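What follows draws every value from the coordinates through simple rules; no lab data is involved. Predicted model, so just to flag it, every value in this text is computed and none were measured. Here the Cβ positions follow ideal geometry from the backbone for every residue, glycine too, while neighbour counts run over all protein chains shown.
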Amino acid sequence: MNDLPTDPGTDDGALLSVRGVDVGYRTGRRTHVTAVHDVSFDLHPGQSMALVGESGCGKTTLGLGLLRLLPRTGVIPSGEILFRRKDGTRVDVRTLQKENLRRFRWSEAAMVFQGAMNAFNPVLRIEDHFVDTFRAHENGRRRPRREILEQSAELLEMVRLDPARVLNAFPHELSGGMRQRSLIALALALRPQLLILDEPTTALDLLTQRSIVERLAELREQLRFSMVFITHDLGLAAELADRVGTMYAGRLIETGTTRDIFHRSRHPYTSALIDSVPPVAGDLHVPESLPGGPPSLHALPPGCSFAPRCAHALTDCDLTRPTLDVLVPRGEGLSHAAACLRSTDAEIHAEGVPR
Amino acid sequence: MIDRTFDTAHPEPVTVPGPQGDSPGHGETTEPVLTLKGAQQIFRTPRGDVPAVAGVDLEVRAGQVLCLVGESGCGKTTTARMAAALADPTAGSVLFRGKDVASMDRKERAAFRRSVQYIHQDPYASLNPVRTVYSTVSAGLRRHGMVKNHAEARRVTAELLERVDLTPAEDHLDKYPHQMSGGQRQRVAVARALAMNPEVIIADESTSMLDVSIRVSLLNTLGRLRDELGVGFLFITHDLAVAKYFAWRGEIAVMYLGKVVEQGTTPRVVNDPRHPYTEALVSAVSEPDPDLAHRKDRIRLREADIPDLTDLPPGCDFHPRCPLYAEGDCDSVRPPLVRSHDRLLACHVVTRG
Amino acid sequence: MAVTTASAPAAGVWGTIWQGITRSTSGFIGLCLVLGVLIFSFVGPLFVDPANPTDVTKIWGAPSAENWLGNNHEGKDTFTQLVLGGREPIWVGFVAALITVAIAVVLGAVAGYVRGRIDHFLLQVTDITMTVPFIVLMLVIASFYRTSSPLVVSFIIGLVTWPFLMRSIRAQVLSLKEREFIEAARLQDLGTARILFVEVLPNMAGYIFINFIIAITNAIYAVVGMYLLGLLPSTADNWGLMIQQAWDNNAFLLPQAAPFLIAPMVMIMLFQIGLVTMTRSLEQALNPRLRDR
């Protein structure tokens, strides 16, 4: 019923088309706060998109909203989340009914959560998690446990874990990195087309992070799934993404290829974010600080939400909310677009020289 | 050249280049304020003894930074807690101005307590949720008779808030922690530590929970306390970028499984790491630059997972993962921390050459 | 996430308490009930004749326009008695709860924070007190002293009911003292007493307040029960005494005497229901684990 016919006019082969999505939370009986405003983007098969921004900018809320995994108070009052399923039909995730939604998650799109410990049930062994996941998504035919375990072992080997050791273990017996890798293996169990990762390496050590980043990059080559990953670690975005979306105060304010964002950013917030990260290589580079914090979602300024912190704000910025305008048009959702009144202003974007 | 790049971090001229001027970290002309001598912390657990810190020697001097880096479980937090006397070492000692903290009398210990302040990682947990900023910051001032009356307490507290760049201070004095952002809370925690006129501040991952945008400005604030007030820092972090930025003119000690494996001046350790573990750490960093990220040479470890502290390998702790592992001493003799390549190193292979 | 911090309560403990009571309908009804009974019992006596004379012509009189709830076995007006009879049990409950909570908080906090020998000793005292059978103790006390003063009654109730609360306060202090802000206070050398009473205890204010209300309800039941068992001498007007007198004079056999028996029970129940529902909403507001649901 929710399956929309594949309309050649609007369908350009995107795996995920997000159109004007708002996500909010109920805060009381009649009050709610909108955490994500009017977000639109297209994700094409095989792409890896990073959502970056400070905490509280709405990136996790958007990620959860895409799979309707919001907490009970979360609502998606408007917009469309069109997803092209493996069989070629398109569904609007926003209106999927309960059973269809359950089937859709995990087999079409899976999520890897931030705290790998909380994503596992502490009293079940890792193998039980795999069995549960497979069983929940099989159609009629009940597969023997042995067959499921064999397939689980393959998945674990894919993330360079020793199945003999991991399958039999309880979540707390594994290190943080091993848990995170098991979770990625579990997320890939049903060969989803899309993986959403929320801060996949944040709580992990540097060397563990490294191994997970490399694993993810290899798996993507091998299995050709798309990724949306939410991170505040710009280094991770630079390495793992081929496109980046910057979020601020619940809006997508700049989007483009990784090079667009890191070398030719046209939104002062994105530039400030990048400039505030001290690199490790080379001589001492003095990072710029970005004073203040994002505005309260209850009291967003009328114009550009970033204007109060922006070094380049004009009086007009306080009055007019900039739209996400395409600066460099490209196919497959890879256009460079920025929501800034001065995105083409030569004064702050000197000829050819970004940052 | 190094100094010039650094000075641009501060709008005002840096007042004390002092002994750390051009030979960073070798200001041995000043007496260390805080010294750890063979400090060791062994936790006894039912699964066996866990040597969280297996004997470290560290010195913190006024106005200088000693940065401890390493992965979780390497003992850096335990080391910090011993330095702050929040935990007593099971062997070895902590000296404050040359005197063993364990043998101090009540009065000396109180002086030590105030002179060495500790800033926790989580600004959401380290401030009392039911106390206002004024109440939190001024508690120590009032308790120790450092202010005469309420008016003075408020004035001094306001000054402290301004010192940590919480301006205008009047706006923040009567706020509760939940009305502030993480960065602001951490500044309150710094102001509280500063109220005690500390000689050393021990900062345990104090910036790691903050957003990148806020991290830098807090580091700049701490840097000003170091340069203008001559506060010495024992700075614990897992983030090499933060360590490099904050300790550029100080020293970095890299810890692995409870031991220091490499210690030297920051530019040397970060830009020219010699211990294979440090090299692996530096190469593992994701740089915020897509071209650099793809060009960068990554060091492959022989094994991804860290050994269990209760079951350490013989010889060098790092040898099962070490790309430089060679037959011979590596798996039989624990490498001592010796001076080599202008730094202290604990590696048979590198120090041999 | 920003969403949760943005919706965090803006005021301190009292603000949270007020919000907690008023944001849910049941909590608000509870508050109204409690206030209603308090006004009835403390303001009401100003409008009735405190002497409440006996009138032999009206013994077991049925409810009428003049005597709204009829008359009792002595011909006294039941409604007047009801108005006058609320002060004592409520006062006793309040004072007893105050004593219980005060003892529990001080001993629990000290035991939990100081640990060691003092903790051990205090726990032993608590365990012994906990094993004292309350009713038997009351019997013994009542047979030695004919206690008539409500203050003495509340002291006795307070002195035997603190151990349970003391144990849970101690447990909370044990966990709070490991929190980083308490460690930070210790690093400032603020002194044990100040840390305990200024840093630790205010964080439990909500919990203590809820237990205070629960202690009131318990103490009221205790004092009413004692009257019903005849452990306390008949003195002034008192809801518990009314029930006991109704019982003794076989009021349950006389339909027209029903108000005399039922009215005090209804008053006690209304007050208790009010307190309990109010507490439940309060708990939701003050317990962070329940708050975000």
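Quick notes on this structure:
- The Rg/Rh ratio of the stretch A:196-265, with both radii computed over alpha carbons and Rh defined as the Kirkwood radius, is 0.97.
- For peptides B:81-88, C:267-274, sequence by mean Cβ density within 10 Å, most packed first: B:81-88, C:267-274
- Among beta bridges that DSSP assigns inside the stretch A:191-316, antiparallel share in %, nearest 5: 55 percent
- Whole-Å distance, taken between Cα centres, linking the stretch C:100-147 and the stretch A:168-231: 55 Å
- Counted by neighbouring Cβ atoms within 10 Å, the residues A:CYS340, B:CYS316 run from fewest to most as B:CYS316, A:CYS340.
- Stokes-Einstein translational diffusion, the stretch C:23-174 - Kirkwood Rh over all Cα pairs, 1.306 mPa s, 10 °C, in µm²/s: 84 µm²/s
- The stretch A:17-43 residues near the modelled A:ASN100 label - backbone nitrogen below 18 Å, point 7 Å along Cα→Cβ: A:17-19
- Per principal axis, descending, Cα span of the protein assembly as shown in whole Å: 113, 81, 67
- Euclidean distance between Cα centres, the stretch B:295-342 to the stretch B:146-194, Å: 46 Å
- Bins of 10 Å, starting at 0 and running to the largest distance - Cα pair percent for the stretch C:115-165: 22, 44, 25, 8, 0
- Gaussian network model of chain A, Cα within-10 Å springs - most flexible of A:ARG29, A:ARG342, A:ARG224: A:ARG29
- If the convex hull is drawn through the Cα atoms of chain A, its volume per residue in Å³: 160 Å³
- Taking B:ASP317, B:ASP211, B:ASP239 in turn, the Gaussian network model of chain B (Cα-Cα springs below 10 Å) assigns the largest fluctuation to B:ASP211.
- Label-to-label distance, nm, for residues given as A:ASP92 and C:THR192 (7 Å Cα→Cβ offset): 6.7 nm
- By the rule of a C-alpha distance below 29 Å, with chain neighbours fewer than 8 residues away ignored, the lysines paired with B:LYS99 are B:LYS37, B:LYS76, B:LYS107, B:LYS259.
- Mean residue ellipticity at 222 nm, helices only, chain B: -9500 deg cm²/dmol; runs of at least 4 DSSP H residues each add -39,500 (n - 2.57), and the sum is divided by the number of residues.
- Residue order, fewest to most surrounding Cβ atoms within 10 angstrom, among A:MET227, C:MET166, B:MET146, B:MET209: B:MET146, B:MET209, A:MET227, C:MET166
- Taking the DSSP bridge list for the stretch B:166-298 and keeping only pairs wholly inside it, about 55 percent are antiparallel.
- Counting only lysines at least 8 places from B:LYS175 when in the same chain, those with an alpha carbon closer than 29 Å to its own are A:LYS59, B:LYS148, C:LYS177.
- Estimated from the Cβ-Cβ distance and a Förster radius of 35 angstrom, the FRET efficiency linking C:PHE94 and A:THR27 is about 0.45.
- A convex hull fitted around the alpha carbon atoms of chain B yields 161 Å³ per residue.
- More than 22 angstrom apart: percent of Cα pairs within the stretch B:124-266: 41 percent
- Of C:VAL276, C:VAL92, C:VAL56, the one that fluctuates the most in a GNM where chain C has Cα springs shorter than 10 Å: C:VAL56
- Since only B:PRO123, A:PRO287, A:PHE41 are under comparison, the one whose Cα sits farthest along the positive direction of the charge dipole of the protein assembly as shown, derived from C-beta charges on Lys, Arg, Asp and Glu, is B:PRO123.
- Normalised alpha carbon radius of gyration of the stretch B:47-113 [divisor 2.2 N^0.38 Å]: 1.21
- Per-pair calculated FRET efficiency, R0 = 30 Å: C:VAL114 and A:SER296 via Cβ, rounded to 0.05: 0.10
- In this structure, B:GLU31 and B:ARG339 have a Cβ-Cβ separation that, at R0 = 30 Å, corresponds to a calculated FRET efficiency of about 0.90.
- Shown here: the stretch C:136-249, whose C-alpha atoms stretch 67, 25, 22 Å along the first, second and third principal axes, sorted largest to smallest.
- Order of C:TRP14, C:TRP162, C:TRP60, C:TRP247 - criterion: other Cβ atoms within 10 Å of each residue's Cβ, fewest first: C:TRP14, C:TRP247, C:TRP60, C:TRP162
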